[in-house]
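Below: one structure, written as structure tokens.
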């Protein structure tokens, strides 16, 4: 182990964590990525730095997963969409409990001006349906939420979405 290279690696890890939270795997990949005109990091040094960060409480996958899941829920992502984003960041073992349920998030999304304008006609409802699918909501949940929304607003027509 080269003390100087480990110190540079440690400082780089702290700099990354100072900018935003990272999961263990995400930070590990970032630290192992070669940089121009710099020596390649030693894998053992990266592992040692990550272990030390976790020991100090600066790197916590469970806390990061919970924070990310809550943020994505606020942005209107469904359970499956959140799970996909967590897997993309190497957090598949973490399964945080969300503060809001999919149904409440769906109802909130349908009340937003972004979707309200589009719910006035069949084409717009299909557009909203597809957008909610991409956000990770289940087909049945979307159909039920749209049906409830249309009944509440007296706009319900028995059409297939």
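Here are some notes:
- Test: residue in the range 36-54 that is at positive phi, without any contact (Cβ under 8 Å) to a residue 60 or more places away in the chain, under 11 Å from the mean Cα position of the chain (by Cα) and not assigned by TED's automatic domain parsing to the domain that holds residue 138: no
- Qualifying positions in the range 130-143 - more than 18 Å from residue 114 (Cα to Cα) and in contact (Cβ under 8 Å) with a residue 40 or more places away in the chain: 138, 141
- In the range 39-65, the residues that are more than 21 Å from residue 4 (Cα to Cα) and buried (at least 19 other Cβ atoms within 10 Å of the Cβ): 59, 61, 64, 65
- Conditions (1) modelled with pLDDT of 90 or more; (2) within 30 Å of residue 27 (Cα to Cα); (3) surrounded by 14 or more Cβ atoms within 10 Å (Cβ to Cβ); number of the one not met by residue 129: (2)
- Residue pairs whose Cβ atoms lie under 7 Å apart, separated by 6 or more positions or on different chains, with the first residue in the range 109-123 and in the same structural domain as residue 148 (by TED's automatic domain parsing) and more than 11 Å from residue 150 (Cα to Cα) and the second assigned to a helix (DSSP H, G or I) and modelled with pLDDT under 85, are 115/109.
The values are calculated or read from the model by the stated rules, or taken from the named source; none is laboratory data. Fair warning: this is a prediction, and the values are worked out from it, not measured in the lab. Here Cβ is always computed from backbone atoms with ideal geometry, including for glycine, and neighbour counts include all displayed protein chains.
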